[in-house]
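These notes concern the structure reproduced below.
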Amino acid sequence: MIKKSMLSIFFALIAANNLYSNPDLSVPTVVLTDVTFSISASGYDRERACDYRIELEESLIEPSLCSSGGDIEFEFLRFSKATSESVRLLLDGSVVSDAAINVLPGWVSLLPPLVSILMALVFRSVVPALFLGIWIGSYAIMGFKADSILESLLNITSIYVKDALANPDHAAIIIFSLMIGGLVGIISKNGGMQGIVNNLSRFVSSSNRAQLATSSLGVAIFFDDYANTLVVGNTMRKVTDSLNISRAKLAFLVDATAAPIACVALITTWVGYQVGMIDISVSQISEIDQSAYSLYLNSILYSFYPIFMLLFVFLVAGTGKDFGTMYQYEVAARSGNDLSLEQKSKGYTNDDETKQLEAKDPSKARAFNAFIPILMFILSTIAGLYSTGEGDNLQDIIGSADAYTALLWGSLIGVLTGFTLTLLQRILSLEETVQAWYEGVKFMIFAIIVLILAWSLAQTTEILQTANYLVSILGEFLPVPLIPTVIFLLSAATAFATGSSWGTMGIFYPIVIPLAWQIMFLNGVADMEHIHIIYSSVACVICGAVWGDHCSPISDTTIMSSMASGCNHIDHVSTQLPYALSVGTIALLLGTVPTGYGISPLIMIPVGLFTVFILLSVFGKRVE
């Protein structure tokens, strides 16, 4: 009898303990006013799961999901004012669990990207702008407490930068970018790049052919815009000078092919960066099951500005027609008075850039020393994509492939091929080849720094729910078809202000895809039938960035194009601006806007290209 009583008391205690056990609440790190959020509870009394309530601003909220056997879910919660109070979980009117929650005004979530953009405009430098944006984000996440200023600063490296580097995919992108930079260094120093230039130069006998050769070389060196700019500008300058082509025209041909071809070619130094940025966004959307690389591939058809600009370059080069200030400079240059020629008395020098990419022995400048490593890199990457992917067709295989692994394999094989060719021909010693690789790597360091800071900034914007807040502001007013157009214009404005397309991608990519998807969700079109909005949004970030870069006097590639071509920088900007604005307007009005309303890019690309042709035919004048 005593044993039975003791057992009854024991089981009663267990039941009571289960009844009044403290469930664990899972709450967001930061909540924004007037932006919905969710709270989940675990470790609760399963027999009374639906009896729990959340107390929120003196209101009791019933669970939206409580019968699945999993966590209790309280969805579509909302705070109307900022507070630092705790959220309480109640059962039968008694508090069984609580959790501190940091509720901030919604506009605070915009501070990190806005500060980055504004500071980039003020300082004209992307790195300090991104750093300051991360600090503001870190401080906001900690609730703007006065005693957290120093800790929020230290968290930049101890939390956000460290987490960015600890991500395996991020590490793969960094390694890939450094390896490609090293490959560029090797094939420049062993004379491979110079060999390609020499082969092209043999066919040049007129100004039109010289311009076509310059444009073709710009497309041939598709894998890196910096290498493209420095190599083409420095090596073709003597050819164009001999045919009285203005330095302004050379700078335009160099600048207008470098970034556009680098952002639409399938395998370039931009690919890893773009895929990494896209992955930041798409990882926040569980409904999209496509890989970041698949999204990138599908976005190429919506990259109207790079495609139209490349055609425009070849039309200008082939027809010999120009308009605007470029026409005036070309006419003057043909008479032997190049107004855009940069004078040494003004302090112009590009000796350092030239030496870093000069062949050690010009007599051994052989094109195959660049062509074979690049070809091996491309073929190895394609093979890697095929071997790591699955599916019934090529698109499915490439889309499901491990792009990071394939790019790492391809870059390694390309570098090893470059090493082997260089050493077998005794063009460089082993130490010199390693040093050439290292010189190429150094060209990528700045891009890597920007990339790491962009990843870190993305963490803060994700925690602060920047995209959700933008949706709450724009969701009811921004028509879904115009999402890509707005992204294009915002991206262009930022690139113009900062002078960095990579910095612009780092600021925008983490927020635009979630923003676009949630606006689509609010309008009931968040499905695969309207996935073209996502493709176009992805493309418009880079298209707007490149367009803004081409118009910006503080753009790194614009400045490098002027330097490598020996052109007065202001003359380069003033002659290129009418071309960039004209082609950009066509790309926007006859590409981005119509495809946003569902018209196929396969229809609008020919229409846009024909319009570019008409533009030059009507307004262009033949120089010779």
- Item | Difference of contour (0.36 nm per residue) and Cα-Cα distance, Leu165 to Leu114 | 16.0 nm
- Note, the range 600-616: 3J(HN,Hα) by Karplus (6.51, -1.76, 1.60, θ = phi - 60°), whole Hz, Gly/Pro = x, goes 5, x, 5, 8, 6, 4, x, 4, x, 5, 5, 5, 4, 5, 5, 4, 6
- Long-range HN-HN contacts of Leu56 with modeled amide H, under 5 Å: Ile61
- Burial ranking of peptide ranges 418-429, 452-463, 507-518, 567-578 (average Cβ count within 10 Å, highest at the top): 507-518, 452-463, 567-578, 418-429
- Could you give the distance between the Cα centres of the range 514-576 and the range 586-602, to the whole Å? 15
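Say the cut-off is 22 Å between C-alpha atoms; which of Lys81/Lys145; Lys189/Lys364; Lys249/Lys321; Lys81/Lys162; Lys189/Lys442 go over it?
Details: Lys81/Lys145 18 Å; Lys189/Lys364 11 Å; Lys249/Lys321 11 Å; Lys81/Lys162 33 Å; Lys189/Lys442 14 Å.
Over 22 Å apart, Cα to Cα: Lys81/Lys162.
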- Task: Go through the range 317-331 residue by residue and turn each phi into a ³J(HN,Hα) via Karplus (6.51, -1.76, 1.60, θ = phi - 60°); whole Hz please, and just put x for glycine and proline.
- Result: 5, x, 8, x, 9, 9, 8, x, 5, 4, 4, 5, 5, 5, 4
- Message: For the chain, take the longest principal axis of its alpha carbons; what is the angle in degrees between that and the long axis of helix 207-220, to the nearest 10 within 0 to 90?
- Response: 30
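Stretched out fully, how many nm does the piece from Thr420 to Asp92 gain, at 0.36 nm a residue minus the Cα gap?
Details: separation 328, 0.36 × 328 = 118.08 nm, distance 7.61 nm.
Stretched fully, the Thr420-Asp92 segment lengthens by 110.5 nm.
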- Message: Going by average Cβ density within 10 Å per residue, which order do the peptides 32-39, 43-50 take, highest to lowest?
- Response: 32-39, 43-50
- Query: Going out from 0 in 10 Å bins, what whole percent of all Cα-Cα distances in the chain drops into each bin?
  - Reply: 3, 15, 23, 23, 16, 9, 5, 3, 1, 1, 0, 0
- Task: Output the lone cysteines of the chain: those with no second cysteine's C-beta under 4.7 Å from their C-beta.
- Result: Cys263, Cys540, Cys543, Cys551, Cys567
- Query: What's the FRET efficiency of Ala100 with Val607 using the Cβ-Cβ distance as r and R₀ = 45 Å, to the nearest 0.05?
  - Reply: 0.20
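For a Förster distance of 30 Å, can you work out the FRET efficiency between the beta-carbons of Leu266 and Ile599, rounded to the nearest 0.05?
Approximately 0.75, to the nearest 0.05.
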- Item | Structure-based [θ]222 nm, the chain - -39500 (n - 2.57) summed over DSSP H runs of at least 4, per residue, nearest 500 | -21000 deg cm²/dmol
- Query: What percentage of the solvent-accessible surface of the chain, computed with a 1.4 Å probe over protein heavy atoms, is contributed by carbon and sulfur atoms?
  - Reply: 62
- Note on the structure: The answer for Ser97, listing residues at least 5 apart or on another chain whose modeled amide H is closer than 5 Å to its amide H, is Leu89
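Order the peptides 89-97, 371-379 from the highest to the lowest mean number of other Cβ atoms within 10 Å of their residues.
Working: 89-97: 15.0, 371-379: 18.8.
Most protected by this proxy first, the peptides run 371-379, 89-97.
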- Message: Please compute the modelled spin-label separation between Lys442 and Asp45, points set 7 Å along Cα→Cβ, answer in nm with one decimal.
- Response: 7.1
- Query: Tally Lys/Arg at +1 and Asp/Glu at -1 over every other residue whose Cβ is under 9 Å from the Cβ of Ser42; what's the total?
  - Reply: -2
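Any chance you could run the full-extension gain for Asp34 through Ala146? It's 0.36 nm times the residue separation minus the Cα-Cα distance, nm to one decimal. Walk me through the numbers on the way to the answer.
Values: separation 112, 0.36 × 112 = 40.32 nm, distance 2.51 nm.
The span from Asp34 to Ala146 would gain 37.8 nm if fully extended.
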- Message: Give me a comma-separated list of calculated 3J(HN,Hα) values for the range 421-428, in order, Karplus coefficients 6.51, -1.76, 1.60 applied at θ = phi - 60°, integers in Hz, x for any Gly or Pro.
- Response: 4, 5, 6, 4, 8, 6, 6, 10
- Query: Taking only C-alpha pairs under 8 Å that are 6+ residues apart, what is the relative contact order of the chain in percent?
  - Reply: 19
- Ratio Rg/Rh [Cα only; Rh per Kirkwood] for the range 45-187: 1.15
- Per residue, what accessible area does the chain have, given a 1.4 Å probe and all protein chains present, in Å²? 42
- Note on the structure: Measuring from the longest principal axis of the C-alpha atoms of the chain, the long axis of helix 192-201 (C-alpha) lies at a number of degrees, nearest 10, equal to 50
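The values are calculated or read from the model by the stated rules, or taken from the named source; none is laboratory data. Everything numeric in this text was worked out from a predicted model, so none of it was measured. Cβ atoms come from the backbone with ideal geometry, glycine included; neighbour counts cover every protein chain shown. All accessible areas refer to the heavy atoms of the entire protein, side chains included, with ligands and DNA or RNA removed. Shrake-Rupley method; radii C 1.70, N 1.55, O 1.52, S 1.80 Å.
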